[in-house]
Amino acid sequence: MENDTILIVDDDQILLELYRTLLVANGYKTETATDGKQAVELAHGQEYPLAIVDLCLPEKHGIDVINEIKQLWPDTEIIVNTGQGSMDSAIAAMRLDVFEYLCKPVLMETLLRNVNNALEKRHLKRENRRLVLELQQEKNSLQNKINASTKAMEKHLQESPLFIGESAAVRHIRQLIAEVAPSDMTVLIRGESGTGKDVVASLIHEWSGRATSGNLIKINCPAISETLLESELFGHERGAFTGAHKQKPGRIEFADSGTVFLDEIGTISLGFQAKLLQIIENKNFVRVGSNTTLKVNARFIAATNASLENMISRGLFRSDLLYRLAQYSIYIPPLRERREDVPLLIDHFIRHYSAKYDKAIQLLPSDIVAMLLEYDWPGNVRELLSVVSRFVISGKQEVFLRHINMNGQDIQAEPSKKIQDSEFKLIFSALVEHKWNRRKAANVLGISYSTLRRKIEKYELDKNMTQLKQTMQSSSDMPTQAEAS
């Protein structure tokens, strides 16, 4: 329990007793000291909330007494009460952060008021410190909960069949989804057609908390004609135009407390972009043929496979709408930039469609998978899904060969000699430059470590190390076999 006793230090016995009587009469406990040495000894034994100190003391000067008390107990408030005040002593006392500097004789009511104020100041300082500590602890607790929730979300996303892959790009996308999902930020998802932008939008909605209170309303912008787009999104009143026989709510109204996903946002006209910007910013809109403003609590996610920046430069897209949409951006790379995910996707789709169509399909042999790894997949995951589903239905591996040849990329189990030579030189150069450090070489090449390992095995670089040494211009930079391994 904190000591609530006030220490009075003064060599004048009459004043000492007068101060003690005044404080006790007002409900305070006191201890007294008649010299500086005794005061310091008392302070070494316990903390006092307040000390009233004379400056001219036997054994030790009052400034030294204050300095030692402050070093022992920084929170102790000090009231100087001296009969020989000076500018130098006042400055020295203030540097030690004393509460007040009084000169004798002092009125008892003045002394009592300063005692009360000094103790109140100490209480407020300590209370403020306690509250700051509690807030920091609460902040740390909330941050730990957020971190745990984010990790759980990332684990769920990793296990989600909607976004299969273990490449660095896919892991980064999962992290971004987990980060932005709990917020209400507008999200712009970029990527080529077929990369899975709608899947990312669904995952953000699912993890936003809005999935329990509202719907995810998907709007495929290019599939709706320009004349019908406003009515489709905002709704219309009866008689608003020919054929409007009754009132119809817009699709955005159905997203109240939920999420609106605007797919291929770059296809809408400039005129409608202005109306869309208003509803995203103000969360209100007007039905076609109405004068009533309606409110909607919806989050907006947009997707595009076009360069909106280029469209802005050509006067086809509003820059303010892009800035509003791109409050948070997620880019999904094409499948050819994350080839290591292809085997995982193939395996997942084979299992999925085998169960769906009740087929007993074996996993693909490694030579077919190697061939599929070389294919660029211009249609991305959507194209891969389509081919695998046809394979499961037919059970014939030739489906893959026919599909690749049909799309103009004549790849067998191995790429052409020209491609092999170029790839070999590129990989070998990166390995030599980084003294056979595979992880550094993979980073420079922009591929995963597992992909680089497959390439090293494919070109038998480890097996031919001795021969490769002889081809180097500077053999001193070549690592030993032990270093390479």
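Among residues that are without any contact (Cβ under 8 Å) to a residue 12 or more places away in the chain and touching a helix residue (DSSP H, G or I) at 6+ places or on another chain (Cβ under 6 Å), residue 330 is not included. Candidates in region 323-361 are the residues that are among the aliphatic types (A, V, I, L, M) and in contact with a strand residue (DSSP E or B) (Cβ under 8 Å, 6 or more places away or on another chain); of these, the one that is nearest to residue 164 (Cα to Cα) is 332. When residue 282 is tested against the conditions (1) farther than 18 Å from residue 324 by Cβ; (2) polar (S, T, N, Q); (3) surrounded by fewer than 17 Cβ atoms within 10 Å (Cβ to Cβ), the lone failure is (1). Restricting attention to region 55-82 and to residues that are part of a loop (DSSP other than H, G, I, E, B) and touching a strand residue (DSSP E or B) at 6+ places or on another chain (Cβ under 7 Å), the residue that is nearest to residue 35 (Cα to Cα) turns out to be 57.
Pairs are defined by a Cβ separation below 9 Å, a sequence spacing of at least 6 or placement on different chains, a first member in region 122-133 that is not assigned by TED's automatic domain parsing to the domain that holds residue 79 and surrounded by fewer than 12 Cβ atoms within 10 Å (Cβ to Cβ), and a second member that is aromatic (Phe, Trp, Tyr) and not in a helix (DSSP H, G or I); no pair meets this definition.
Can you confirm whether residue 11 is in contact (Cβ under 8 Å) with a residue 40 or more places away in the chain, out of contact with any strand residue (DSSP E or B) (no Cβ under 7 Å at 6 or more places or on another chain) and of a type in the set (Asp, Glu)?
So residue 11 fits the description; yes.
Residues in region 28-49 that are touching a Ser or Thr at 6+ places or on another chain (Cβ under 7 Å) and either of a type in the set (Phe, Trp, Tyr) or in a strand (DSSP E or B) (or both): 29, 30, 31, 48. Cβ-Cβ distances below 7 Å connect the following pairs, each with a first residue in region 237-249 that is surrounded by 10 or more Cβ atoms within 10 Å (Cβ to Cβ), a second residue that is charged (D, E, K, R), and a separation of six or more residues or different chains: 237/287; 238/246; 244/238; 247/237; 247/238. Pairing each residue of region 48-71 that is at positive phi and in the same structural domain as residue 35 (by TED's automatic domain parsing) with any residue that is assigned to a helix (DSSP H, G or I) and modelled with pLDDT of 90 or more, provided the two are 6+ apart or on different chains, yields C-beta distances under 7 Å for 59/36; 59/37. None of 34, 82 is within 21 Å of residue 117 (Cβ to Cβ), in contact with a Leu (Cβ under 9 Å, 6 or more places away or on another chain) and β-branched (Val, Ile, Thr) except 82.
The values are calculated or read from the model by the stated rules, or taken from the named source; none is laboratory data. All values reported here derive from a predicted model rather than from experimental measurement. Please note: Cβ atoms are built from the backbone with ideal geometry, for glycine as well, and neighbour counts cover all protein chains shown.
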